[in-house]
Each structure stands twice: as structure tokens, then as C-alpha cells.
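A short write-up of the structure that comes next.
The values are calculated or read from the model by the stated rules, or taken from the named source; none is laboratory data. Because the structure is a prediction, the values reported are computed rather than measured. Cβ coordinates were reconstructed from backbone atoms using ideal geometry, including for glycine residues, and neighbour counts include every protein chain displayed.
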Amino acid sequence: MSIAHDIMPIVIIIVSGAALLFRIIMQKRRLQQSTGWRKYRKMVIQFIFISITYLTFNLPYTIVYFGEALGFSSFGINFMEPYFFPLAKVPSMALPYSTALTLPGLKEKLYALIICKPKQNTIRPAVTKS
């Protein structure tokens with residue numbers, strides 16, 4: 001177990017996420033601008049999805065190793081191999097999808113791509129008034 005590779009990323013994500021949310025809330029109250037808030041809201045949503053993805057899959061693994069480092073020799077050893085080792089590989093596969101969910105207009109584009117329904121142009125007769 002390495003503090004730099006296992007524990008510090010989780011601490012950095014939690015601290016920077018809290019600082020970002022606090023900064024945005026304070027600036028929103030101070031400036032009282034609703035137009036600029038939409039840009040920040042998209043950024044915060046992306047950050048939250050990425051953080052939740054990383055924390056969900058890496059936090060249990062890190063907690064077990066941290067418990068073993070504190071001296072609890074059999075802390076979570078029953079769950080480690082069958083559950084936590086495979087979970088540690090999931091964030092690299094799930095991160096692109098969790099980020100793509102936050103992109104605007106993606107749902108409509110994917111629907112059009114999956115259905116493969118070509119757009120039908122309707123030809124209508126021209127009506128002239130005399």
C-alpha cells in the first residue's frame with residue numbers, strides 16, 4: 001500500500017471538490033448572477049460524476065489497506081480478493097461514460113445514431129394565393 005497512490009488521491013478529490021463547491025456557492029451569493037451559473041453548474045456536475053465514479057470503486061479497496069496498515073491483520077480480507085480487486089479496474093472503464101453523460105445534447109445524438117433513422121424531408125406543394 002502506498003500513501004501517495006492510494007490515500008492521497010481520495011483526500012485530494014474530497015478536499016478539492018468541497019473547495020470548488022464552496023467557492024461557487026460563495027461567488028453565486030456575492031455576485032448574484034444567474035447567467036454565469038450555468039457554466040459552473042455543468043463543470044460541477046462533471047466533477048461530481050468523475051469524483052463519485054473514482055470514490056465508489058477505489059474507496060473500499062483503500063479502506064481495507066488502511067485498516068491493515070493500522071494493525072488490523074484480518075480487516076476485510078474476506079472481501080478483498082473476490083470483490084475489491086476487480087472493482088479497482090472499473091473506474092478506467094467507467095470514467096468515459098460517466099463524463100459523457102454530462103455532455104449536452106448527447107442523448108438525442110445517441111438516439112439518432114442507435115435508431116439509424118434517416119431524416120425524412122417532406123415535400124409539400126407550394127400554395128400561391130391569387
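With respect to the numbered conditions (1) modelled with pLDDT under 75; (2) under 19 Å from the mean Cα position of the chain (by Cα); (3) not aromatic (Phe, Trp, Tyr), which one is the sole condition not fulfilled by GLY105?
For GLY105, the failing item is (1).
Applying the selection to region 77-100, what residues are in a helix (DSSP H, G or I) and in contact (Cβ under 8 Å) with a residue 24 or more places away in the chain? Reasoning before the result, please.
Within region 77-100, the subset in a helix (DSSP H, G or I) is 77-87, 90-100.
Once the filter is applied, which keeps residues that are in a helix (DSSP H, G or I) and in contact (Cβ under 8 Å) with a residue 24 or more places away in the chain, region 77-100 yields PHE84, PHE85, LEU87, VAL90, PRO91, ALA94, LEU95, SER98, THR99.
If we keep just the residues of region 78-109 that are among the charged types (D, E, K, R) and surrounded by 10 or more Cβ atoms within 10 Å (Cβ to Cβ), which is nearest to ILE63 (Cα to Cα)?
Among them, the one singled out is LYS89.
Considering (1) over 16 Å from the mean Cα position of the chain (by Cα); (2) without any contact (Cβ under 8 Å) to a residue 12 or more places away in the chain, say which one TYR65 fails and leave the rest.
Every condition holds for TYR65 apart from (2).
Tell me, please, whether a residue that is without any contact (Cβ under 8 Å) to a residue 60 or more places away in the chain, exposed (fewer than 11 other Cβ atoms within 10 Å of the Cβ) and closer than 22 Å to PHE49 by Cβ can be found in region 119-129.
no
Failed condition for PRO118, given (1) more than 24 Å from the chain's Cα centre (by Cα); (2) at pLDDT 75 or above, with all others met?
Against the list (1) more than 24 Å from the chain's Cα centre (by Cα); (2) at pLDDT 75 or above, PRO118 comes up short only on (2).
Of all the residues that make up region 35-76, how many are surrounded by 13 or more Cβ atoms within 10 Å (Cβ to Cβ), outside any helix (DSSP H, G or I) and either in contact with a Cys (Cβ under 6 Å, 6 or more places away or on another chain) or hydrophobic (A, V, I, L, M, F, W, C) (or both)?
The total comes to 1.
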